[in-house]
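Data first, discussion second: the structure below is written as C-alpha cells.
The values are calculated or read from the model by the stated rules, or taken from the named source; none is laboratory data. In this text the structure is predicted, and so the values were computed from the model without any measurement. Positions of Cβ are backbone-derived with ideal geometry, glycine not excepted, and every protein chain shown enters the neighbour counts. Ligands, DNA and RNA are excluded from the accessible area calculation, which covers all protein heavy atoms including side chains. Shrake-Rupley method; radii C 1.70, N 1.55, O 1.52, S 1.80 Å.
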Amino acid sequence: MRKTSQHGQWSSRLAFILAATGSAVGLGNIWKFPYITGENGGGAFVLVYLACIFAIGIPIMMAEIMLGRRGRQSPINTMRDLAREAAGSRFWSWLGWLGVIAGFLILSYYSVIAGWAMAYVVRVGSGVFDGVTSDGVSNIFGQFIADPEKLLAWHSLFMILTMLVVARGVKGLERTVKFLMPALLVILVLLVGYAMEQGSFQQGVSFLFKADFSKITSDGILTAMGHAFFTLSLGMGAIMVYGSYLPSKISIGSTTIIIALADTAVALLAGLAIFPIVFANGLEPGSGPGLIFQTLPIAFGHMAYGSIFGALFFVLLFFAAWSSSISLIEPAVAWLVENKKMSRMRACIWAGLVTWTVGIGTVLSFNIAADLTLFGKTFFDVLDYLTANIMLPLGGLCIAIFAGWVMNKETARQELSLKHAALFNTWLFLVKFVSPLAVLVVFLKAIEVI
Ligand code: PHE
C-alpha cells in the first residue's frame, strides 16, 4: 500500500483535526439541527440523535478515516484497491461512486443555503434589523427567498469561492480553517449568553432536553440518524478522502472522539441560542429551513452592537459552510485528477459547474417552483431527504460492513493501532454488529416493513 497520497498530506495532527472539524461543523449544526429538532418535537429527537452519534457515528468515522488512510486515494480508487487487497468484490468501488454523487447533490443545495448566510451578512450588518419585530423578520426572510435572481447570485458566488479553495489543494484548506473554528465557538457562546438573559431560556432548555417519546415518529428517528451522518460528514467519502491525507503515525481513535465532541457541542450550543429566542418571541419551532434566519436577527436587532455581532455571526456561519463544502467536492476532484489526468484547476471547474447547475433547482424550489412537488416535497426537500436520510446512512452501512466483515482484521488492527486490545474489540463489535443493525432497523422501520 502507498505511504502518501499524490495530492499531499496534512502537516500535523492539529491540521487534520481542524480540517475534519471544519468539514463536520457547518450548516448542519447551526442551520439544520435546530430546525429539524423543532420539526420533530425536541428532546426525544435530540436523544436519538445523540445515541446515533455515539453508537453509529463514532465507530463509522473511525472506519472511514482508516479506510482512507489505508487506500490513500479518492474514495472510488481506495475502495477498489482495498477490495482487491481483501480479495473482495470489485463492486465495492461503487461505494465510492455513491459518495461522489451524494457529494454533488448535497453541495448543490448546501451552496444555496450558504448563499443565504452570505446575504445575511450584508442585511444584518447594514442595520436592517435594528429594533425589528418577529413579523418584520419573517417578512424580510420571505421577500428574500421569493427572489430567484438574488438567490442565484449568492449561490454562484459561494460556488466560486468553494472551487477557489479546492483548486489550491490541501494547503489551502489548512490555512482557512485554523482561525475560523475558534472564532465561531466564541460567538456562539456569546449568543447563548444573550438567549439566557433575554430569551425564555428555561423553556428552550426543556424543549431541547426533555424527552417526550410520544412526539417522535419512525421517520423522525430516520431523520435523527441521517442527521448524525450528515453532521459528521460520514458515508460519502469526505472524511475518507481527508483520511487519505493523514500521516501514518497519527492516532485515529482519539482524533475521532475530539472531532465528534466538537461537532456535537456546536450543535447543542446553536440549539441553546435559538430556542429561547423562538419561545420568547412566540415563534414556531417547527417553521422549517428559515428558522435561524427568522430568529437570530431578532436577537441581533435588540442587542447593543447587534449589527456588528450579527454580521460577524453570519460571516462565521459562511466560513463554517465553506470549510464543509470543500470536503463535499474533494472526493470527486481527487478522482478526476487521478483517473482523468486533469489538472486540479480543470477538475474543479467541471465539478463546480455540474454542482452549480443542479443548485438552480434548489434556488427555484423556494419560489417559482415551490408548487412543483413529489410526494409533497419540493426539489430541495427531495434532495435533502434522498441524501441525508438515504444515501449517507447507506454509504455508512457499507463502510461498516466493509471494515467489519471484508477487510482483514489484522490490517484494521494495525491501521487503527489503538492502545488497548479491548478498545479494538469494542470498535470491531460496533462496526460489525451494532452500526449495521441499527442502520438497517431504522431503514426498515421508516419504510414500515417492521
Ligand atoms: N457536516 C457538514 C455539516 O454539518 C455537511 C457535510 C456532509 C459535509 C457530508 C461533508 C460531507 O454542515
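State which residue is nearest to G42 (Cα to Cα) when the search covers only segment 215-243 and only residues that are part of a loop (DSSP other than H, G, I, E, B) and within 15 Å of the ligand (Cβ to nearest atom).
Looking at residues that are part of a loop (DSSP other than H, G, I, E, B) and within 15 Å of the ligand (Cβ to nearest atom), I get L232.
Output the residues belonging to segment 131-153 that are more than 15 Å from V278 (Cα to Cα) and either of a type in the set (K, R) or out of contact with any Phe, Trp or Tyr (no Cβ under 9 Å at 6 or more places or on another chain) (or both). Within segment 131-153, G131, N139, G142, Q143, D147, E149, K150, L152, A153 qualify. Scanning segment 251-270 for residues that are in a helix (DSSP H, G or I) and of a type outside the set (A, V, I, L, M) gives G253, S254, T255, T256, D263, T264.
Yes/no per residue for (1) without any contact (Cβ under 8 Å) to a residue 60 or more places away in the chain; (2) more than 27 Å from L261 (Cα to Cα); (3) open to solvent by 10 Å² or more (accessible area, probe 1.4 Å):
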{"site": "T37", "(1), (2), (3)": "no, no, no"}
{"site": "G41", "(1), (2), (3)": "no, no, yes"}
{"site": "G71", "(1), (2), (3)": "no, no, no"}
{"site": "E85", "(1), (2), (3)": "no, yes, yes"}
{"site": "G88", "(1), (2), (3)": "no, yes, yes"}
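Give just the number: which of (1) within 16 Å of the ligand (Cβ to nearest atom); (2) within 23 Å of M181 (Cα to Cα); (3) of a type outside the set (S, T, N, Q); (4) open to solvent by less than 30 Å² (accessible area, probe 1.4 Å) does W10 not satisfy? So the condition that W10 fails would be (1).
Since T362 meets every condition but one in (1) part of a helix (DSSP H, G or I); (2) under 26 Å from P75 (Cα atoms); (3) not aromatic (F, W, Y), which condition does it not meet? Evaluating T362 over (1) part of a helix (DSSP H, G or I); (2) under 26 Å from P75 (Cα atoms); (3) not aromatic (F, W, Y) leaves (2) as the failure. Screening L383, L392, L316, L283 for residues that are crowded, with 17+ Cβ neighbours inside 10 Å and not in a helix (DSSP H, G or I) leaves exactly one candidate, L283. If only residues of segment 286-310 that are part of a helix (DSSP H, G or I) and open to solvent by 20 Å² or more (accessible area, probe 1.4 Å) are counted, the one that is modelled with the lowest pLDDT is F309. A Cβ distance below 6 Å, combined with a sequence gap of six or more or placement on separate chains, defines the contacts here; from segment 418-446, residues that are over 14 Å from L397 (Cα atoms) reach residues that are among the small types (G, A, S) in the pairs L418/G253; K445/S218; A446/S218. For G68, the requirement of being part of a helix (DSSP H, G or I), within 16 Å of the ligand (Cβ to nearest atom) and in contact with a Ser or Thr (Cβ under 7 Å, 6 or more places away or on another chain) is met. Exactly one residue out of F104, F91 is at pLDDT 95 or above, at negative phi and not in a loop (DSSP other than H, G, I, E, B): that is F104. Going by the structure shown, is I17 at pLDDT 95 or above, within 16 Å of the ligand (Cβ to nearest atom), open to solvent by 10 Å² or more (accessible area, probe 1.4 Å) and within 30 Å of K341 (Cα to Cα)? In short, no. Within segment 404-413, identify whether any single residue is of a type in the set (F, W, Y), under 30 Å from L161 (Cβ atoms) and open to solvent by 20 Å² or more (accessible area, probe 1.4 Å), and answer yes or no. For segment 404-413, residues of a type in the set (F, W, Y), under 30 Å from L161 (Cβ atoms) and open to solvent by 20 Å² or more (accessible area, probe 1.4 Å): absent. Candidates in segment 348-377 are the residues that are β-branched (V, I, T) and under 18 Å from I145 (Cα atoms); of these, the one that is surrounded by the fewest Cβ atoms within 10 Å (Cβ to Cβ) is I368. Take W356 and decide whether it is within 16 Å of the ligand (Cβ to nearest atom), modelled with pLDDT of 95 or more and of a type in the set (F, W, Y). So W356 fails the test. Within segment 91-104, at least one residue is in contact with a helix residue (DSSP H, G or I) (Cβ under 7 Å, 6 or more places away or on another chain) and more than 16 Å from the ligand (Cβ to nearest atom).
A quick yes/no check of all residues on (1) touching a strand residue (DSSP E or B) at 6+ places or on another chain (Cβ under 8 Å); (2) at pLDDT below 95; (3) within 16 Å of the ligand (Cβ to nearest atom); (4) among the charged types (D, E, K, R):
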position: F45; (1), (2), (3), (4): no, no, no, no
position: P59; (1), (2), (3), (4): no, no, no, no
position: S111; (1), (2), (3), (4): no, no, yes, no
position: V137; (1), (2), (3), (4): no, yes, no, no
